[in-house]
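Sharing a structure with you now.
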Ligand SMILES: Cc1cc2nc3c(=O)[nH]c(=O)nc-3n(C[C@H](O)[C@H](O)[C@H](O)COP(=O)(O)OP(=O)(O)OC[C@H]3O[C@@H](n4cnc5c(N)ncnc54)[C@H](O)[C@@H]3O)c2cc1C
């Protein structure tokens, strides 16, 4: 998390900072001599940043004096680096109310001299560290600012947009955190399942020379392991593809390609954040379950993966907020244009593989789900025109359906490669094909229930009066 946040702070300063800010901060954030933070949340405002109260008073020398309180600041205080570069959201005295009145400031723990050496201790302090369910490897700090000196990043009242550079990077980073947890939980659970002996297979002994069979013979243990494996490998393929689009967005010589890739990255960012983190919560919990009671006690380390994965569904915008971003802004907000771009990739693949007999078990359900997503999106768009709350009622289920569409696409692509290499005898491809089949047979069908739940709409959620809760 420490280098992750530094990376995000780097990106925000790189995109919106002045030349002087870049020269002062970027080299040391890059080398790791200094680390970064993002200071958005305050006690009374998390999701709704329009409510934030921290104040920034302009000074005669062009700097600002910042006063206020922040909570839950990851990497907010530590002695791992000589300086901490806080990126802080605050309001100018004449700022309009709400999110249109937020500016971004860089507020260092020690104010650097022009040559980059450390100067005076700044008035930004850690008031306490939060006691958390997990991620104990990272210090989450309450921060008070008492006239701390800062300089503005970007333009007045445009701070939220500048901060979004960091938030988008962090959202992808949180998805990767969850992929890592899914993978490490899986590896531990597989090793355990191959050693632990308990009961006999229902169909008769599989390890007759032992007093019981290894638990990996039991179908449900395999289901838990394969769920984690399918989520990890699907996530890895999806993440590699996303980062490739990100590289092309940043570095392609072709402007159209840059725009195309930017649209795709914007569309899938909430899916990377929410789908991968929800899956990690499921997968780490399954992997703990493989250990039985030994998973629940600390000694084996499995409960840590579950605890660590839980935060990923909350910070960087809760997964509900990611879902609203996907359905409300990214899909309905542009009349489905970005979604169609991903749909085109699916359609092209389906058309290319349409006559490949061996691929039918993947291509047919993929095509079917693509059609269902198109119909569902139109339906939700119509309903939302009648009542915007319909978006809130469907968004979380909708994101999960889209997550499966994306995974089904990448699993089909992986299956295609694995089928082509089937006769190579390489166990990598054999395992890939088996995992693809598992994903299609056991995980993808979840979409049927999710689509029904989307269609059920707002009424079942709103029927009960508030007083009856
Ligand atoms: C360990 C940890 C590290 C963190 N690190 C940082 C950090 O480095 N920097 C930083 O600035 N913040 C950080 N945060 C804060 C984090 O981003 C917020 O906790 C998160 O954005 C949610 O805000 P909140 O806790 O105030 O919840 P609230 O905004 O009060 O939300 C409460 C619940 O209501 C739901 N909700 C709110 N609005 C809506 C809506 N419109 N529609 C539907 N549901 C809604 C939310 O999804 C949530 O379930 C961290 C938090 C933790 C716990």
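The values are calculated or read from the model by the stated rules, or taken from the named source; none is laboratory data. The shown structure was predicted, so the numbers you read here are calculated from the model rather than taken from an experiment. No Cβ is skipped: glycine too gets one built from the backbone with ideal geometry, and neighbour counts run over all protein chains shown.
Within the set of pairs 6 or more residues apart or between chains, which connect a residue that is under 22 Å from residue 13 (Cα atoms) inside segment 31-46 to a residue that is within 6 Å of the ligand (Cβ to nearest atom) and modelled with pLDDT of 95 or more with Cβ atoms less than 6 Å apart?
Qualifying pairs under 6 Å: 37/73; 39/73; 41/72.
State whether the residues of segment 126-135 include one that is more than 16 Å from the ligand (Cβ to nearest atom) and assigned to a strand (DSSP E or B).
We begin by selecting, within segment 126-135, every residue more than 16 Å from the ligand (Cβ to nearest atom); these are none.
No, segment 126-135 has no match at all.
Can you tell me which residues in segment 330-339 are in a helix (DSSP H, G or I) and surrounded by fewer than 15 Cβ atoms within 10 Å (Cβ to Cβ)?
To start, the set of residues in segment 330-339 that are in a helix (DSSP H, G or I) comprises 330-334, 337-339.
Once the filter is applied, which keeps residues that are in a helix (DSSP H, G or I) and surrounded by fewer than 15 Cβ atoms within 10 Å (Cβ to Cβ), segment 330-339 yields 333, 334, 337.
Out of curiosity, is residue 415 under 29 Å from residue 283 (Cα atoms), under 24 Å from the mean Cα position of the chain (by Cα) and surrounded by 14 or more Cβ atoms within 10 Å (Cβ to Cβ)? Give the steps one after another, and end with the answer.
On the way: under 29 Å from residue 283 (Cα atoms): yes; under 24 Å from the mean Cα position of the chain (by Cα): no; surrounded by 14 or more Cβ atoms within 10 Å (Cβ to Cβ): yes.
Taking the combined requirement at face value, the residue does not satisfy it.
Same structure, new question: In this structure, does residue 248 turn out to be assigned to a helix (DSSP H, G or I) and closer than 19 Å to residue 173 by Cα?
Values: assigned to a helix (DSSP H, G or I): yes; closer than 19 Å to residue 173 by Cα: yes.
Answer is yes for this residue.
Any residue in segment 401-410 that is out of contact with any strand residue (DSSP E or B) (no Cβ under 7 Å at 6 or more places or on another chain), surrounded by fewer than 20 Cβ atoms within 10 Å (Cβ to Cβ) and in the same structural domain as residue 330 (by TED's automatic domain parsing)?
Residues of segment 401-410 out of contact with any strand residue (DSSP E or B) (no Cβ under 7 Å at 6 or more places or on another chain): 401-410.
Filter once more, keeping what is surrounded by fewer than 20 Cβ atoms within 10 Å (Cβ to Cβ): none.
No; the residues of segment 401-410 include none that is out of contact with any strand residue (DSSP E or B) (no Cβ under 7 Å at 6 or more places or on another chain), surrounded by fewer than 20 Cβ atoms within 10 Å (Cβ to Cβ) and in the same structural domain as residue 330 (by TED's automatic domain parsing).
Given (1) within 14 Å of the ligand (Cβ to nearest atom); (2) touching a helix residue (DSSP H, G or I) at 6+ places or on another chain (Cβ under 7 Å), identify the lone condition not met by residue 182.
Here residue 182 clears every test but (1).
Among the residues of segment 213-229, how many are over 27 Å from the mean Cα position of the chain (by Cα) and under 16 Å from residue 281 (Cα atoms)?
Selection size over segment 213-229: 0.
Let me ask another. Please enumerate the residues belonging to segment 73-100 that are within 12 Å of the ligand (Cβ to nearest atom) and part of a loop (DSSP other than H, G, I, E, B).
Passing the criteria: 75, 76, 77.
Right, another one. Given segment 289-328, what helices (runs of 4 or more DSSP H) lie entirely inside it while holding 1 or more residues that are closer than 30 Å to residue 215 by Cα and away from the ligand (no atom under 16 Å from the Cβ)? Walk me through how you get there before you give the answer.
Working: elements: 293-296, 302-310, 319-324.
Hits in segment 289-328: 293-296, 302-310.
Please enumerate the residues belonging to segment 340-357 that are at pLDDT 95 or above and surrounded by fewer than 14 Cβ atoms within 10 Å (Cβ to Cβ). Reasoning before the result, please.
We begin by selecting, within segment 340-357, every residue at pLDDT 95 or above; these are 340-353, 356-357.
Matches in segment 340-357: 344, 348, 351, 352, 356, 357.
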